[in-house]
1. Go through Tyr159, Tyr134 for me and flag whichever is within 12 Å of Gly188 (Cβ to Cβ), in contact (Cβ under 8 Å) with a residue 12 or more places away in the chain and hydroxyl-bearing (Ser, Thr, Tyr).
2. I'd like the full set of residues that are surrounded by fewer than 12 Cβ atoms within 10 Å (Cβ to Cβ) and of a type outside the set (D, E, K, R), limited to segment 105-145.
Amino acid sequence: MVKNSRAAILRAQAKSQGADLSGRHKRFSWSLPVFASLASLGFIATFMIVPPNPISVVSSASVPVNSIERAEVQSLTVAEGFVNEIARDKLAVKEIVIEPVLPAAPAAGVPDPGTAQAIAKSMLAARGLGDDQYSCLVGLWNRESGWNVYAMNSSSGAYGIPQALPGSKMATAGADWATNPATQVAWGLSYIEGRYATPCGAWAHSENNGWY
């Protein structure tokens, strides 16, 4: 009886001091918020880990359209878990010029010495152009004037071997443009070079359009 009274007294004293005599584990009031905070920090740290190198995603497309090639490049850079740069390169356009197939001119024979054709062949050789270009020139000016120094078109007024319009344009090659085949040929080759690059280019245009 004394023992029980002693236990009762101790229990009463403990209870008066705020002790929990229910026998259950008491959880401190601050433990739950601390645990929640630590869990949140761990979750965020998972996404904040910096990779060894920034991650780059690059996609490219090349779409040829006839003679046009287009290439567009996009890039996306991800660093430190956040998208910090999005770049789009300018549209790069590459244009390819396709040369038309030129109709072949009839092969020209060896010209007689001293003729306008012989002068023209010599001038072409000095420009580094061969027999194929000479054949185109012969075919072109056969059609225009028959290589006649005095040929004149009655409707347009075009004059001479290259049929310059007007004929006085050939004065830039020499004052004797009206009578000298060498002057007319020199002017005619310069005109062709500036407009069609080569006699075969002029020949092809003449074939397709009827004039050059």
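Only the coordinates and a few stated rules stand behind these numbers; no lab work does. Note that the coordinates shown come from a computational prediction; the quantities given were computed from them, not determined experimentally. Note that we place each Cβ from the backbone using ideal geometry, even for glycine, and neighbour counts take in every protein chain shown.
1. Working: Tyr134 fails: within 12 Å of Gly188 (Cβ to Cβ).
It is Tyr159.
2. Across segment 105-145, the qualifying residues are Pro106, Ala107, Gly109, Val110, Pro113, Gly114, Ala126, Gly128, Gly130.
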